[in-house]
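A short write-up of the structure that comes next.
The values are calculated or read from the model by the stated rules, or taken from the named source; none is laboratory data. Keep in mind that what you see is a predicted model, and the values were worked out from it rather than measured. Please note: Cβ atoms are built from the backbone with ideal geometry, for glycine as well, and neighbour counts cover all protein chains shown.
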Amino acid sequence: MSNLEKRMTKFRSIFWHRRDLRIEDNIGLFEASQKSRNLIGVYILDPNLLDLKKTTSEAKNWFLGESLLELQKNWGKRGSRLLILIGDPIKLIPKLAELIKAECIYWNKNIEPYEITRDKKIIAQLEKDKRKVYTFLDQLIVNPKTIKTNNENPYKVYGPFYRKWIDIINKTQLLNDNSLKILLTPKRFQGLNDNEILLLKNSDLNYSIIRESDPIYDLISSNRFKNNNLCPCKPGESESKKQLKSFIHSGSINSYNEARDIPYLESTSNLSAALSQGTISCRALWNGAQLSKNIATNKYQYNSIDTWIKELAWREFYQNALINFPELEKGPYRKKWLNFPWQNRSDWLKSWSNGLTGIPIIDAAMRQLKYSGWMHNRCRMIVASFLVKDLLIDWRWGENFFMRNLVDGDLASNNGGWQWSASSGMDPKPMRIFNPFSQASKFDKNGHYIRKWIPELSHISTADLLSGEILSSERKGYPKPIINHKYQTSIFKELYANLN
Ligand SMILES: Cc1cc2nc3c(=O)[nH]c(=O)nc-3n(C[C@H](O)[C@H](O)[C@H](O)COP(=O)(O)OP(=O)(O)OC[C@H]3O[C@@H](n4cnc5c(N)ncnc54)[C@H](O)[C@@H]3O)c2cc1C
């Protein structure tokens with residue numbers, strides 16, 4: 001063993017996984033492994049982030065649980081281990097560092113207000129204990145600090161944000177900068193010895209290795225999603241890589257421009273949960289898109305790839321928005337929306353939530369969410385507009401419902417999507433009101449998506465499915481429309497016009 005290697009194995013470090021449930025191309029983990037090979041991984045099941053009433057869903061917990069299982073195996077294969085603790089990280093991280101005598105603690109930064117406040121407290125305690133803390137930016141392609149207007153202000157509108165974002169990336173590439181290259185993590189670490197494991201087991205840390213029989217496994221890995229295979233987002237680092245490969249090599253990325261808006265085709269990447277939990281890096285997606293461009297054979301394919309890249313930029317736009325305006329988490333960006341006289345009818349919310357509004361495209365989408373934990377982007381926009389502008393229900397109720405049901409629920413993207421749909425966000429475009437019937441006619445013109453998710457309507461003609469004009473005798477238990485779109489949206493417009 002060389003002197004450098006000896007030094008590297010002497011210093012013990014902890015790497016704290018948070019929204020980066022992978023070994024490969026993980027900036028914080030890579031940096032930690034360059035400084036010390038005596039490296040222990042930890043993940044903390046933080047009750048604040050596992051609240052099924054607010055912050056998570058059964059589907060997301062399943063994705064998390066399965067991904068942790070794989071991550072734990074991968075740490076094991078490298079000669080160390082991933083500890084999974086349950087409780088408050090403010091107490092657990094300093095305590096673990098003390099118990100296993102770790103000198104340095106590494107992690108990748110998060111951008112949500114709760115996590116930022118929490119992390120500051122943890123850093124203060126660790127530094128008080130004379131430990132070193134190293135944090136990195138891993139979850140965004142472009143560092144938010146660099147995306148500023150000429151006056152050094154944050155961008156509030158997507159268009160100019162995107163132009164700056166892509167300009168920074170292009171310049172980085174011209175300089176042959178390594179920041180977008182995939183990082184290869186070393187094959188071996190050194191872990192805890194048997195005595196230390198015993199010490200941990202006898203400590204009061206709520207410590208667990210996830211096994212099928214373990215109660216934590218029940219908590220995070222719901223059988224409903226484990227067995228039904230309906231969710232298009234597949235958990236774990238290896239599945240995420242496969243999904244990206246398949247999106248590129250099947251050619252879906254080349255026809256994204258048109259196919260992305262047809263819910264029945266399921267032709268998008270389905271990588272939203274992987275990006276949100278970090279089973280894949282955003283750089284891997286960027287590099288995948290570049291590879292596709294190198295092999296694209298015509299302009300249409302090239303443009304499609306660019307459209308997909310623009311979606312990656314939407315994700316970064318909303319994360320930047322939350323970093324710069326953390327108050328978005330609590331309510332509308334445009335304050336006049338605080339005075340909107342919502343009607344908030346709980347019976348209508350119930351019909352919407354259960355896919356029983358009597359409007360086929362809305363119900364198909366809401367059932368897709370209920371049964372698969374995921375919903376197509378076009379449908380997210382349609383059902384969100386319907387909740388706010390037809391049912392006159394506060395968009396924050398919809399935002400919360402999505403968080404409690406989506407596999408990819410993510411504060412920044414979800415809040416951004418809802419504020420965009422409600423017209424309460426930063427985007428200054430004119431008021432958008434989606435007509436569910438014309439949306440269905442345009443994007444589900446053969447009614448395949450509606451029939452898939454509402455099988456009791458499979459005998460109805462396509463024209464009637466799209467217009468929603470279904471005879472009572474043909475409904476077979478399917479409800480009549482709970483509202484009239486034209487009438488409800490006229491009320492909405494009037495209420496909005498009277499807002500100060
Ligand atoms: C009301 C509403 C709520 C939403 N809630 C969420 C959420 O909680 N989590 C979430 O990840 N996305 C959310 N979105 C954005 C979008 O619907 C999903 O990211 C997308 O459907 C995921 O499918 P995909 O991975 O196949 O995306 P692709 O079309 O393959 O796009 C690639 C990636 O780009 C990002 N992306 C694509 N579209 C958007 C967008 N409009 N905004 C932000 N990022 C985008 C996602 O990370 C996605 O995985 C929401 C949109 C709306 C209208």
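Those residues that are buried (at least 16 other Cβ atoms within 10 Å of the Cβ) and not in a loop (DSSP other than H, G, I, E, B), I need them from the stretch 167-196; list them, please. Matches in the stretch 167-196: Ile169, Thr172, Gln190. Output the residues belonging to the stretch 117-158 that are surrounded by fewer than 14 Cβ atoms within 10 Å (Cβ to Cβ) and either under 22 Å from the mean Cα position of the chain (by Cα) or in contact (Cβ under 8 Å) with a residue 60 or more places away in the chain (or both). Across the stretch 117-158, the qualifying residues are Thr117, Asn143, Lys145, Val157. Within the stretch 490-500, the set of residues being part of a helix (DSSP H, G or I) and either surrounded by 10 or more Cβ atoms within 10 Å (Cβ to Cβ) or at pLDDT below 95 (or both) comprises Ser490, Ile491, Phe492, Lys493, Leu495, Tyr496, Ala497.
Quick check on my filter: what residues within the stretch 407-462 are among the polar types (S, T, N, Q) and at positive phi? The one that is among the polar types (S, T, N, Q) and at positive phi: Ser423.
Select from the stretch 369-385 the residues that are more than 11 Å from the ligand (Cβ to nearest atom) and either acidic (Asp, Glu) or in a helix (DSSP H, G or I) (or both) and list them in ascending order. Step through it out loud before you land on a result.
At the first step, the residues of the stretch 369-385 found to be more than 11 Å from the ligand (Cβ to nearest atom) are 370-373.
Hits for the stretch 369-385 are Lys370, Tyr371, Ser372.
Put simply, of Tyr449, Tyr487 the only residue that is within 16 Å of the ligand (Cβ to nearest atom), part of a helix (DSSP H, G or I) and either farther than 21 Å from Pro263 by Cβ or of a type outside the set (A, V, I, L, M, F, W, C) (or both) is Tyr449.
Only one of the listed residues (Leu392, Leu356) is within 25 Å of Asn446 (Cβ to Cβ) and away from the ligand (no atom under 16 Å from the Cβ). That residue is Leu356.
Filter the stretch 258-283 for residues that are within 12 Å of the ligand (Cβ to nearest atom) and either in a helix (DSSP H, G or I) or in the same structural domain as Asn110 (by TED's automatic domain parsing) (or both) and give the result. Once the filter is applied, which keeps residues that are within 12 Å of the ligand (Cβ to nearest atom) and either in a helix (DSSP H, G or I) or in the same structural domain as Asn110 (by TED's automatic domain parsing) (or both), the stretch 258-283 yields Ala259, Pro263, Leu265, Ser272, Ala273, Ala274, Leu275, Ser276, Gln277, Cys282. Given the criteria in a helix (DSSP H, G or I) and either farther than 22 Å from Phe401 by Cα or within 14 Å of the ligand (Cβ to nearest atom) (or both), does Leu328 qualify? For Leu328, the condition - in a helix (DSSP H, G or I) and either farther than 22 Å from Phe401 by Cα or within 14 Å of the ligand (Cβ to nearest atom) (or both) - is met.
Of the conditions (1) surrounded by 22 or more Cβ atoms within 10 Å (Cβ to Cβ); (2) at pLDDT below 95; (3) among the β-branched types (Val, Ile, Thr); (4) in a helix (DSSP H, G or I), Ile93 clears all except one; give me its number. Answer for Ile93: the failing condition is (2).
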